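> Before anything else, here's the structure in question.
The values are calculated or read from the model by the stated rules, or taken from the named source; none is laboratory data. Keep in mind that what you see is a predicted model, and the values were worked out from it rather than measured. Positions of Cβ are generated from backbone atoms using ideal geometry, with glycine treated the same way; all protein chains shown enter the neighbour counts.
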Amino acid sequence: MKLRITLNGKTFDVDVEVAETDNANLPPAYPVGSAVLSGSVASAPPAPAANDSAPVDEDKVCRSPVSGIVVRLIAQPGQRLQVGDALMVLEAMKMETNITAPIAGRIAALHVAQGDNVQAGQVVVTFD
């Protein structure tokens, strides 16, 4: 990559190369456990979003911690995940938030698709 740098009034064209590969092409992860999973916090779970009409087993769902737009789905139904594995990326106010798995398990269903608007507290993933 070529860069142009000005130092003390003198302009220099420099070539820059990456010294090590950056495998983390995702934005910084939301802290593990920050996606609300019922039973993981002492307080009451967030209010369900308007489109969550059916009762759910709160011990097996992951709710979005923020409102935003799904820009990328990383996990797929049937996939086994460990705590902290990436589920999806949400964009809110031009900032991307990496939503991670708060528990280890298998994904039973994703309740959102790329491009969907998500409300804080909305169920986004159900685990087996």
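> For residues in region 112-128 being crowded, with 19+ Cβ neighbours inside 10 Å and within 14 Å of the chain's Cα centre (by Cα), which is farthest from Val61 (Cα to Cα)?
Of the residues in region 112-128, the ones crowded, with 19+ Cβ neighbours inside 10 Å are 112, 118, 122-125, 127.
Next cut, within 14 Å of the chain's Cα centre (by Cα) only: 112, 118, 122-125.
Numbers: Val112: 13, Val118: 15, Gln122: 10, Val123: 6, Val124: 8, Val125: 6 Å.
The qualifying residue farthest from Val61 (Cα to Cα) is Val118.
> What's the total number of residues in region 87-100 that are part of a loop (DSSP other than H, G, I, E, B) and under 13 Å from Pro65 (Cβ atoms)?
Filtering region 87-100 down to residues part of a loop (DSSP other than H, G, I, E, B) leaves 93-94.
Then keep just the ones that are under 13 Å from Pro65 (Cβ atoms); that gives none.
The qualifying residues number 0.
> Residue check, Glu91 against (1) more than 14 Å from Val125 (Cα to Cα); (2) of a type outside the set (Gly, Ala, Ser); (3) touching a Leu at 6+ places or on another chain (Cβ under 9 Å), all met but one. Which one?
(3)
> So Pro55 fits all but one of (1) surrounded by fewer than 10 Cβ atoms within 10 Å (Cβ to Cβ); (2) at negative phi; (3) at pLDDT 80 or above; what number is the exception?
Pro55 satisfies every listed condition except (3).
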